[in-house]
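In what follows, a structure is listed as structure tokens, so that the remarks can point back to it.
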Amino acid sequence: MLHAGLDSVGREPRVHDSSQPLLFADDLAAVRGDGIFETLMVRGGSVRNLDRHAKRFRRSAAMLGLPEPDLNLWGRATNLAVESWKKQYPELADRDCGLRWVLSRGRESTGRPTGWITVAPMSEEVERGRREGVKVMSAERGFRLDLSERSPWALIGAKTLSYAANMAALRYAHEHDFDDVIFISDDGAVLEGPTSTVIAVSDRRMVTPKTDAGILAGTTQASMFGIARERGWECEERRLTLDDLKAADGVWLVSSVRVAARVLSLDGFEFDQPDRADEVEEIAAEAVGE
Ligand code: PLP
């Protein structure tokens, strides 16, 4: 793991010794999960889909009323993190890694935002899901699809640090012999995975839940749709139910570092290997710039 600190955002980035603590105990990221993050894929020593992540980072900051991130500064910090990572861990050069940007509201006592970057290799679990596929359970998220309109303070669509419930859903799934989760709303709409976007594929058609309600707009899904359209596929955002997913040829969970993991089964319903699985995975690989 490598840390590059921007400890008071605004100062020039520097590499931080990852065996040493970085945050103050009153940092609002630690105390209240009050901040935002992005996880970017580093492949072959370069960061992928930077612009899409940067745009979402700015949008998340605006939704939380955080100061607008200085993207030049984050860009310099990213370059520094990647270069230091390559130097410190040359043996991991071929491994896909996750580079995380974190921006917190900062110390309760100073009110100055805190920012930092970490780099770490993709986990074994994510790698296995990408290679072998995943067994998924559905789980209620406990809100209706229109929550984001009714309750902007719920911060639906911002990539906030408050992921404890998402991680709890994943732990629950693991305890019950599943690998991953697809959340559904109280009114039966498919939302997203705890760390992924859902894409259903039938023939040469990709469908994902509407990204303007109830979920985070995924960079991987957006990039895949761009490539699929160029290849003549139809792509659509619309309301989906669990039955729609089961009626599809195949379903994938996609995100920046995992890229794509095919859903092998959903609540015990098993999918056959779809004819176009290889093409979907090619599109996903292209979406992260392979
Ligand atoms: N939805 C959630 C809740 C996520 O946490 C993530 C990524 O971590 C995604 C969707 C997929 O987003 P992206 O493709 O930008 O990684």
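Just so it is clear, none of the values below were taken in a lab; they were calculated from the coordinates. Not measured: the values here are computed from a predicted model. Note: ideal-geometry Cβ built from the backbone for every residue, glycine included; neighbour counts use all protein chains shown.
Selection among ILE36, GLY133, ILE156 by position relative to the dipole of the chain gives ILE36 as farthest towards the positive end (Cβ unit charges, Cα centre). Taking amide H atoms as placed 1.01 Å from N in the peptide plane, the amide H of MET206 lies under 5 Å from those of GLU234, CYS235, GLU236, each 5 or more residues away in sequence or on another chain.
When the chain is treated as a Gaussian network with alpha carbon springs shorter than 10 Å, the biggest mean-square fluctuation among HIS53, HIS176, HIS16 belongs to HIS176. Here the spin labels are modelled as points 7 Å beyond Cα on the Cα-Cβ line, and at SER123 and ASN79 they lie 3.2 nm apart. What is the list of residues in region 229-271 whose amide nitrogen lies under 18 Å from a point 7 angstrom out from the Cα of ASP203, following Cα to Cβ? Within reach of a label on ASP203: 229-238, 244-251. Each peptide among 57-63, 76-82, 267-273, 112-118 gets the average number of other Cβ atoms lying within 10 Å of its residues, and from highest to lowest they stand as 112-118, 76-82, 57-63, 267-273. Helix content alone sets the calculated 222 nm mean residue ellipticity of the chain: runs of n ≥ 4 DSSP H residues at -39500 (n - 2.57) each, divided across all residues, give -9000 deg cm²/dmol. Annotation for GLN20 and GLU286: the two label points, set 7 Å from Cα along the Cα-Cβ direction, are 4.7 nm apart. Modelled label positions at ARG59 and GLN273, each set 7 Å beyond Cα in the direction of Cβ, lie 3.6 nm from each other. 3J(HN,Hα) couplings calculated from phi for region 216-224 with the Karplus curve 6.51 cos²θ - 1.76 cosθ + 1.60 (θ = phi - 60°) are, in sequence order, 7, 6, x, 6, 5, 4, 5, 5, 4 Hz; Gly and Pro show x.
Rg of the Cα atoms in the chain, relative to 2.2 N^0.38 Å, amounts to 1.00.
A straight Cα-to-Cα reach below 17 Å connects LYS159 with the lysines LYS55, LYS210, residues fewer than 8 places away in its own chain not being considered. The Kirkwood radius of region 139-271, taken over pairs of alpha-carbon atoms, gives through the Stokes-Einstein law at 4 °C and 1.567 mPa s a diffusion coefficient of 86 µm² s⁻¹.
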